[in-house]
1. On the full set of protein chains, 1.4 Å probe, figure out the accessible area of F334 and give it in Å² to the nearest 10.
2. How big is the equivalent ellipsoid of segment 269-333 along its three axes, where each semi-axis is √(5λ) from the Cα gyration tensor, reported in whole Å from largest to smallest?
3. I398: net charge of surrounding residues, Cβ under 10 Å, Lys/Arg +1, Asp/Glu -1, itself excluded?
4. Which value, to two decimals, describes the C-alpha radius of gyration of segment 36-98 once divided by 2.2 N^0.38 Å?
5. State which entries of K70/K135; K182/K319; K179/K290; K63/K242; K33/K322; K63/K346 exceed 25 angstrom in Cα-Cα distance in the structure shown.
6. Summing +1 for each Lys or Arg and -1 for each Asp or Glu, what net charge is found among the other residues whose Cβ lies under 10 Å from the Cβ of V250?
7. So for the pair N226, K371, with labels modelled 7 Å out along Cα→Cβ, what separation do we get in nm?
8. With all protein chains present and a 1.4 Å probe, how do M353, M260 order by accessible area, largest first?
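The values are calculated or read from the model by the stated rules, or taken from the named source; none is laboratory data. Bear in mind that the values here come from a model prediction, so they are computed numbers and not experimental data. Quick reminder, even Gly has a Cβ in these numbers, built from the backbone with ideal geometry, and neighbours come from all protein chains shown. These accessible areas exclude ligands, DNA and RNA; they are computed on the full protein's heavy atoms, side chains included. Shrake-Rupley method; radii C 1.70, N 1.55, O 1.52, S 1.80 Å.
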Amino acid sequence: MKKIEFNTSKALFLLLATFYFSVSYSQNLMEYKGVVLDQNNKKELALADVSLTNSNISTITNKEGEFSIKVPKNQLNESLIISFLGYKQQKVKLSEIDNDNAKIYLAPAATILASVDIVRPKDAYDLVKKTLSLKGENYLTENAYMTGFYRESIKKRNRNASLAEAIVSIEKQPYTNYKSDKITLIKSRKQTNYNRLDTLALKLQGGPFGSLYADMIKYPDYVFNNETIKYYDFSFEQSTEKNGRMVYVVNFKQNSNYTMPLYYGKLYIDSQTYALTSADYNLNVENKAKASSFFVKKKPNRVEITPTEANYKVTYRVKNGKWYYSYSNMLLTFIVDWKGKLFNSKYTLNSEMAITDWNLDNNTISSNENKRLRPSSILQDEVSGFTDPEFWGEYNIIEPEKSIESAIRKISRNLDKS
C-alpha cells in the first residue's frame, strides 16, 4: 500500500493544546508556521488538521506537531481552523496573529458520550457494511482536481538513506465509479545514499499511488471487499468526538477462519452520516512468508526480506456535506538478511500524501502528459531542487521533521561539494 502572538482572551485559558505561530512573506503569500502540543503531557499532536476558512487550502502537522501553511494575501481576513480527534475544533483569525510568543490552547472534547454509545447500532459489522454502501451519498460524486504533497523516505536502522518529495496534481475520480485516480508530477526531488543501502535498493513502487490506495472508500478491495469482509471480527470501542460531531470507533481484526494475511485496526465513523472519517490499521504479518509476498515481488536469491510492521493511516475532510480523501500515511518495516553476512539490517519505508488544495474545475490538474505517473512508477533521482530556495514556490507542503531537515542539509552540502 517566525512567531506572532495572538491576543489572549478569557476563552484561551480553557484550552489545552498549544500552538506557536510564525509568519513570513513570499510575494503574494504569507506563510504561517506553528507547533501543536498537548499542554497536559507536552506530547506533540501529530496529524492535526489545519485549514483555511472559505477555501480548500489545508495541511497537517508532522510527527513533531509542526505545520506550515501558505495563505494568499487576498485571504488574510480568513481564519485557521485546527481540529484533532478528541479535541474541540478551534478557529483563529489570521488578523489576530500579530505579536511574538503566541500560545493558543485547545480543549479536549468534554462531551458526555455514554448516551451516544447507547443509541449506536447494535452490530459493528452492520455499521461497517452500511458505511461502505453509502459512498454515493457521503463522498464526492464528481471529478475533483487536487494538489497534493507527497514524501517518501527510507531509513536503514535510524539513519536516512533515501529521501524524496513531490508536488503532484491528482484527478480524483468520483467515489461512485471504479475508475482509478490519475496523478501527474509537477515537481519532485530525491537523493539516495546507495552505500548506506548496502546495494539493496529498496524503493516504494507506485510512489504516490501507494498513498492513494489507502483510501479504503475508493479502493475497498485492498482491505474490505465482498469476499474478505466476512473473515473479519468487528467490535465497538468507546465513542469519541471530532469537530463537534460524535464519532463511532470500530475495532476490526481477521478471524481464525482465514489464513492469508488480512488487516486489524480502528475505523472512525461519523455518527450522523455513517461516513468513514479516518482509519488506522495494520497488516497482520504473523505469517511472515505470505506477508512478504504482499511487498516483495523480486529479490536476489541469497537475501531474505521479512516484513515486521505494515501500518496505514487515512483521513477524510468534509465540505458542503461531502467527504473527500485528505491524507494518508504508510509505514513499512523490513528485516533484510543476506546469506553469509553476520548481521541483518532493518529498513523502514515511510510514505505520506496530503491534499493541500482542490476544486471541481480542471484548472488545478497539470496537462503535461509526459509527467503522468503510472501505478508502477518509482520517483526518479532528481536532486536539483534541494539547492533551490524557491523550489516549492506557492505550494503548501508538510513541514519536515527534524531528522528529515538534517538529511536535507547533508544532501545540500554534498551537492555543493560536487
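1. For F334, solvent-accessible area is about 10 Å².
2. On the way: eigenvalues 244, 27, 12 Å².
Square roots of five times the eigenvalues give 35, 12, 8 Å.
3. Values: positive: K63, R151; negative: E66, E165, E352, E399, E401.
Once all neighbours under 10 Å are counted, the net charge is -3.
4. On the way: Rg = 12.1 Å, N = 63, 2.2 N^0.38 = 10.6 Å.
Taking N as the residue count of segment 36-98, the ratio is 1.14.
5. On the way: K70/K135 31 Å; K182/K319 22 Å; K179/K290 29 Å; K63/K242 20 Å; K33/K322 29 Å; K63/K346 21 Å.
Long pairs (Cα-Cα over 25 Å): K70/K135; K179/K290; K33/K322.
6. Details: positive: R120, K266; negative: E237.
For residues surrounding V250, the net value is +1.
7. In this crude label model, N226 to K371 measures out at 4.0 nm.
8. Working: M353 0, M260 70 Å².
Sorted by accessible area, descending: M260, M353.
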